[in-house]
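A.B. asks: Right, I'll just put the structure down here and ask away after.
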Amino acid sequence: MDEKVLELRRILDGSSYTVAICGSGMMEEGGFRGVKKSDRAYDIEAKYGASPEDIYSSVYYNTRPDQFFDFYKNEMLNHCPNPTESGPALAAMEKAGKLQAIITSNIYEHAQRAGCKNVINLHGSIYENRCPRCGKKYPMEYIKDSKKVPICDVCDVPVRPMVSLFGEMVDSQLMTKTALEVENADVLLLLGTTLKSEVFTNYIRYFGGRSLVIIHQKAHYLDYKADLVIIDQPKNILPQLGY
C-alpha cells in the first residue's frame, strides 16, 4: 500500500465523523464530459444553436420544452458517466463506519446505486421526475423514451426532471443540511474537486475539523491548505483502503 494511502487510512481510522464531498471529477473518471467544458460547449452550440447555459435552464423548460428535452435526453441522459470503483469503495467505507455522509453534485446517483445510504444530492437526480402541477412521479425511462416532450398523463403538461438547472438556487433545506454535515466533520474528504469549487466552496468554509484530504487528478494552487493531497482519480485510491 502506498505511503499516502496508508496515511489516509490512519486519518480515517482516527476520525470521529468523516464527510466526503464528491465533485465533477467523480463523474469525469466515469467518462463524463461536462456540458460547460469549452470543447463540448462549442459542439453543443453548433448543434442546437444556443449555449448549454441557455438550453439547460428553467426558461427553456418553460418556454421551449421541445428544445429543452431534445438537449436533456441527448446530452444528459444519453451521455451518462459509467459507474466506477469509487462507488463500491465509498459504500464499503460507510458500512465499516468510516464514512458518515456523502455530499455530491452527481445527478446520476452513483453513490446510492453502489449501496451508500446517507447521500445529499445537491443537484437532484435524473431518476426523480414529477409533474409540476399534480406531483405525479415518473421514472427516468419515461423521459428518455418519450418521442418528444414527456407529458403528464393526468395534467397534460411537461414532466419536470428534478435536477438543478443552470441559474437555479439549490433547495435551502439541502444547503442547510450540507453546511451542518461539513461543520460536524472531523475529517473532510474532497474527492474529484478542489478548494476552489464553484459548487462547494461556500460549504467547505464551514469545516473546522481535524483533517482535510484532497484526492483529485490535477494539482491545484490551493492544495497546500490540505493536510493530505493525493493527485490521482478517486477510483484508483479509495479501493486501496481495504474497508
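A.B. asks: Can you tell me which residues in the range 164-181 are in contact with an Asp or Glu (Cβ under 8 Å, 6 or more places away or on another chain) and buried (at least 16 other Cβ atoms within 10 Å of the Cβ)? Explain how you work it out, then say what you get.
C.D. replies: Taking the range 164-181 first, the residues in contact with an Asp or Glu (Cβ under 8 Å, 6 or more places away or on another chain) are 166-167.
Matches in the range 164-181: Phe166 only.
A.B. asks: Another question, then. Given the conditions (1) farther than 28 Å from Glu141 by Cβ; (2) touching a helix residue (DSSP H, G or I) at 6+ places or on another chain (Cβ under 8 Å), and given that Ala46 satisfies all but one, which numbered condition is not satisfied?
C.D. replies: Among (1) farther than 28 Å from Glu141 by Cβ; (2) touching a helix residue (DSSP H, G or I) at 6+ places or on another chain (Cβ under 8 Å), Ala46 violates only (2).
A.B. asks: What pairs come up if the first residue lies in the range 1-30 and is assigned to a helix (DSSP H, G or I), the second is surrounded by fewer than 19 Cβ atoms within 10 Å (Cβ to Cβ) and charged (D, E, K, R), and their beta carbons are under 6 Å apart, counting only those six or more places apart or on different chains?
C.D. replies: Leu12/Lys98
A.B. asks: Can you list the helices (runs of 4 or more DSSP H) lying wholly within the range 46-123 that have 2 or more residues being among the hydrophobic types (A, V, I, L, M, F, W, C) and either under 15 Å from the mean Cα position of the chain (by Cα) or at pLDDT 95 or above (or both)? Reasoning before the result, please.
C.D. replies: Details: elements: 52-55, 58-63, 65-71, 86-95, 110-113.
Result: 65-71, 86-95.
A.B. asks: Determine which member of the set Ala41, Ala50 is among the hydrophobic types (A, V, I, L, M, F, W, C), without any contact (Cβ under 8 Å) to a residue 60 or more places away in the chain and closer than 21 Å to Ser197 by Cβ.
C.D. replies: Details: Ala50 fails: closer than 21 Å to Ser197 by Cβ.
Going through Ala41, Ala50 in turn, the sole match is Ala41.
A.B. asks: Taking the range 1-27 on its own, how many of its residues are of a type in the set (S, T, N, Q), surrounded by 15 or more Cβ atoms within 10 Å (Cβ to Cβ) and more than 11 Å from the chain's Cα centre (by Cα)?
C.D. replies: Of the range 1-27, the ones of a type in the set (S, T, N, Q) are 15-16, 18, 24.
Next cut, surrounded by 15 or more Cβ atoms within 10 Å (Cβ to Cβ) only: 15, 18, 24.
Pick out the ones that are also more than 11 Å from the chain's Cα centre (by Cα) and you get 15, 18.
Here the count works out to 2.
A.B. asks: Hey, can you tell me all the residues within the range 184-206 that are of a type in the set (D, E, K, R), within 16 Å of Leu122 (Cβ to Cβ) and in contact with a Phe, Trp or Tyr (Cβ under 6 Å, 6 or more places away or on another chain)?
C.D. replies: The initial filter retains those residues of the range 184-206 that are of a type in the set (D, E, K, R), namely 186, 196, 198, 205.
Imposing the further condition that a residue be within 16 Å of Leu122 (Cβ to Cβ) reduces the set to 198, 205.
Of everything in the range 184-206, nothing turns out to be of a type in the set (D, E, K, R), within 16 Å of Leu122 (Cβ to Cβ) and in contact with a Phe, Trp or Tyr (Cβ under 6 Å, 6 or more places away or on another chain).
A.B. asks: Continuing with the same structure: Pull up the range 41-51, narrow it to residues that are more than 12 Å from Asn74 (Cβ to Cβ) and not polar (S, T, N, Q), then point me to the one that is surrounded by the fewest Cβ atoms within 10 Å (Cβ to Cβ).
C.D. replies: Ala46
The values are calculated or read from the model by the stated rules, or taken from the named source; none is laboratory data. Keep in mind it's a predicted model, so treat the numbers as computed, not measured. As a convention, Cβ positions derive from the backbone with ideal geometry for all residues, glycine included, and neighbour counts pool all protein chains shown.
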